[in-house]
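Comments concern the structure below.
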Amino acid sequence: DKPTPDSFPFVADNNCNIESCDIEEDWSTHVWQIGLIECRAEICMRAFNENFLVFFNQYRNTQAGGADINLDSALIQFMTNKFTKNLRLSTWRAAFFGDTNSTSPFFNGVDGIFAQMSAVPENIVSITQNQGATAQDQKFASGEDVYNYLIEMYEIAAEQPWFDPSILEYHVTKSMSSKLVSWLNAQGNNRPLNCDCIDPNAAVASNVFMMEGLTINGIPVYTHNEWDDIINYSAELNGGGGNNARVLPHRAILTFRQNLLVGTTQTEALNSFDIWYSKDDKKVYLEGSSYVGGGVPLLNEYVLAI
């Protein structure tokens, strides 16, 4: 819906001749990639070690009857909660981190939001710390670095025709927001003098800045812990764990909420879950799936920092 200033021309006011004008209809299309993620987990109640069973007040039994399996037991509930948490996190992984250039079956089904946004180089701010040789080298020395990156994103967006700070949002990793908040609060602890002195009253008071409710230039900053979990625990992105370098551990997006979308075929298909006990093999089965994909309908109206 772009402005059309070349409309309603001046006409002679001494006759009834009316100029014709067009209403421009500028329609765009976006191919939304949807992929199916799915798996089944098997639980054999006899396979847990003694300490695990004691913790959940369970015991091994020899009965094959399904009546002896309590699907509401603490142990089954623990496994179910873990399973559904993995499904939710995998939905985030598919929608944001999906990459058809990957060889991993956990990533190569669709191009997620990061892959789509990375296709437009002029909209990208490079985060130097992401290129560190180790996880330690990739850390920010100061939250001021994070602040500067967010301001750089703001200034790039401010030069664009689509810029509207009243509806823009920042979306960032916890690795960025936590460092930023720590730095902002540290500034408040300094005395208002030209020295490095600490104001003791400010130092012991509650923090003014927190990740919840944080804004930069009036634009809300939303932290996605899920992004950090995927980067730090996925074999595709964590470099093997430990002090090994992660793949772009710090990420930020500045765009409209309507331009950062997660879609599915229908609401019921976003997350499906089933649990049952099989008398044939004396196992409890958990099965879950999701049709999901991320979309960036306006592929030029954002700024990505990676």
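The values are calculated or read from the model by the stated rules, or taken from the named source; none is laboratory data. These figures come from a predicted structure and were not determined experimentally. Glycine also receives a Cβ, built like all others from the backbone with ideal geometry; neighbour counts cover every protein chain displayed. With ligands, DNA and RNA removed, areas are computed over all heavy atoms of the protein, side chains included. Shrake-Rupley method; radii C 1.70, N 1.55, O 1.52, S 1.80 Å.
Rounded to the nearest whole Å², what accessible area per residue is found for the chain with the 1.4 Å probe?
The answer is 62 Å² per residue.
Which of the peptides 293-299, 248-254, 219-225 is most tightly packed, and how do the rest follow, going by the mean number of other Cβ atoms within 10 Å of each residue?
Ranking, from highest mean packing down: 248-254, 293-299, 219-225.
Using Cα positions and a limit of under 29 Å, work out the lysines in reach of K85, with same-chain residues fewer than 8 apart set aside.
The reachable lysines, counting only those whose Cα sits under 29 Å from K85, are K139, K174, K179, K279, K282, K283.
Give me the percent of the accessible area of the chain that comes from carbon and sulfur atoms, probe 1.4 Å, all protein chains in place.
Within the chain, the accessible surface is 51 percent carbon and sulfur.
Cβ under 12 Å from E159's Cβ, E159 left aside: what net charge do those residues give with Lys, Arg +1 and Asp, Glu -1?
Spelling it out: positives minus negatives among the neighbours equals -3.
Compute the helix-to-body angle for 174-189: its Cα long axis versus the longest principal axis of the chain, expressed 0 to 90° and rounded to tens.
70
Identify, among L214, N86, W183, the residue whose Cα sits farthest towards the positive end of the charge dipole of the chain, taking +1 on the Cβ of Lys and Arg and -1 on the Cβ of Asp and Glu, with the dipole about the Cα centre.
Result: N86, furthest along the dipole toward the positive end.
Treat each spin label as a single point 7 Å out from the Cα along the C-beta direction, and report the A133 to V54 distance in nm.
4.8
Determine how large the accessible area of H30 is when every protein chain is in place; take a 1.4 Å probe and give Å² rounded to the nearest 10.
60
For G109, which sequence-distant residues (separation of 5 or more, or a different chain) have an amide H within less than 5 Å of its own amide H, given hydrogens modelled in the peptide plane?
Hits under the 5 Å cutoff: D99.
Could you give the length gained on full extension between A269 and D22, defined as 0.36 nm per residue of separation minus the Cα-Cα distance, in nm? Could the numbers behind the result be given before it?
On the way: separation 247, 0.36 × 247 = 88.92 nm, distance 4.21 nm.
Once the chain is fully extended between A269 and D22, it gains 84.7 nm.
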